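Trainee: I am attaching a structure below and will ask some questions about it afterwards.
The values are calculated or read from the model by the stated rules, or taken from the named source; none is laboratory data. Treat the numbers as computed from the prediction; the structure is a model and nothing was measured. We place every Cβ from the backbone using ideal geometry, glycine too, and count neighbours over all the protein chains shown. Keep in mind that these areas ignore ligands, DNA and RNA; they rest on the heavy atoms of the full protein, side chains included. Shrake-Rupley method; radii C 1.70, N 1.55, O 1.52, S 1.80 Å.
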Amino acid sequence: MSLPSTSLPELALLFLRLGSTAFGGPAAHVALMEEEVVRRRGWLTQQQFLDLLSAANLVPGPNSTELAIHIGYARRGWAGLLVAGTCFILPAMLIVMAFAWAYVRFGTLPALTGVLYGVKPVIVAVVAQALWSLGRSALTTWPLRAMAGAALGLGLLGVNELVLLFAAGLAAGALRWPTLAHKQVPPALLKLVGAVAALALLPVALGLGPGPAATPGGAAPLGLLPLGLAFVKIGSVLYGSGYVLLAFLDADLVQRFHWLTQAQLLDAVVVGQVTPGPVFTTATFVGFVLQGWRGALVATVGIFLPAFVFVGMSTKLVAQLRQSPLAGAFLDGLNAASWALMAAVSLTLARTALLDLPTVALALVSAGLLLRYKVNSAWLVLGGALLGYGLQQAGWL
């Protein structure tokens, strides 16, 4: 199938808008990208999108940002890689810097309760629509559906996401093995498993895990270089959700270096969670609090730089995997597990978003507008934010 061409300005405009409006964390970002890139613009097929999503799940760093970088490379090569990733990060960074300036200036955060109250139910509807759409491409056979169901249950129980991804991939490969005419493991698959294993074990080998390692005495020397290196390390070894990011930040910036207090760290994480774009812009807030706008830029570049490197190294490997029947089956298993991981996060989001009758009604109305009238989700998010803010001002919350 011939896919439409994409210009760099088109990539830039899309990801600038997503970086400005994509609330709700990685699962929501993936849903919004699927809506825009697959269903609205036809830049990628569902299968290509799922393969890139699985590739993003396999390497450390911010998964939704890595997916944006993958999409940019798939459409316009190295230039697209840089444009898509940078444009997704930039608006979120500027928004978080504004919050950080207000925090440093006034010592508190603006009230965001109403905005979140209205936005979260809309995000639940957007993610549910994406799960339905992606599930039709990822879960095409009963074995893949069974793997996804098992991965969903184990994910809700807290089993490590890498374990679930590889278990599903290996199970799908094992089911395909007896049907292969040439029973040989392709080199691309061995490279993938070896590279991911090395990245996953790197924190253990170098002692970089989020364990207690406080330095005796006062705080460690603080400067732009130590700050940047601290965030490069975190971006290079961090798998998992924003809760894992919190553990790493607490271990390094609070316990080890004594640069932040616990209260400042929690405020930073709140801002990263409630603003649009990548959750890892928490680093922007921390950098601004510690070293002003220069610190914000250094911390942001530090935590996101490894994502660009990892995606650049893995792009050709993903394409090679689809050329082998065995590796293709492995990717199908990864896609089923990726769908399950997204579903697990979505269920958690729904529990925190659907709090009462108005939020349930808002989610149902949003779902109806998305499915029946194909309303752009950005308008629904904006409408939810305004409605939530209005209810807060009226004293409803």
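Trainee: What are the lysines whose alpha-carbon lies under 16 Å from the alpha-carbon of K316, with same-chain residues fewer than 8 places away excluded?
Mentor: Counting by Cα, and skipping residues close in sequence, K316 has these lysines nearby: K191.
Trainee: Using only protein heavy atoms and a 1.4 Å probe, report how much of M33 is accessible, in Å² to the nearest 10.
Mentor: So the heavy atoms of M33 present about 0 Å² to solvent.
Trainee: List, in order, the whole-Hz ³J(HN,Hα) value for each residue of the stretch 375-381 obtained from phi through the Karplus relation with A = 6.51, B = -1.76, C = 1.60 and θ = phi - 60°; use x for Gly and Pro.
Mentor: 3J(HN,Hα) across the stretch 375-381, in whole Hz: 5, 4, 4, 4, 5, 5, 4.
Trainee: Please report the spacing between the Cα centers of the stretch 352-372 and the stretch 106-180 in Å, no decimals.
Mentor: The stretch 352-372 and the stretch 106-180 have Cα centres spaced 20 Å from each other.
Trainee: Report the full-extension gain for the segment Q393 to A98: residue separation times 0.36 nm, less the Cα-Cα distance, to one decimal in nm.
Mentor: Gain on stretching Q393 to A98: 104.0 nm.
Trainee: While we're here: When you count, for each residue, the other Cβ atoms within 10 Å and take the mean per peptide, how do 250-256, 228-234 rank with the highest first?
Mentor: 228-234, 250-256
Trainee: With a 1.4 Å probe and every protein chain left in place, work out the accessible area per residue of the chain in Å², rounded to a whole number.
Mentor: Per-residue accessible area for the chain comes out at 43 Å².
Trainee: Another question about this same structure. Rounded to whole Å and sorted largest first, what semi-axes of the equivalent ellipsoid does the C-alpha gyration tensor of the stretch 91-164 yield via the square root of 5 times each eigenvalue?
Mentor: That gives 38, 16, 12 Å for the three semi-axes.
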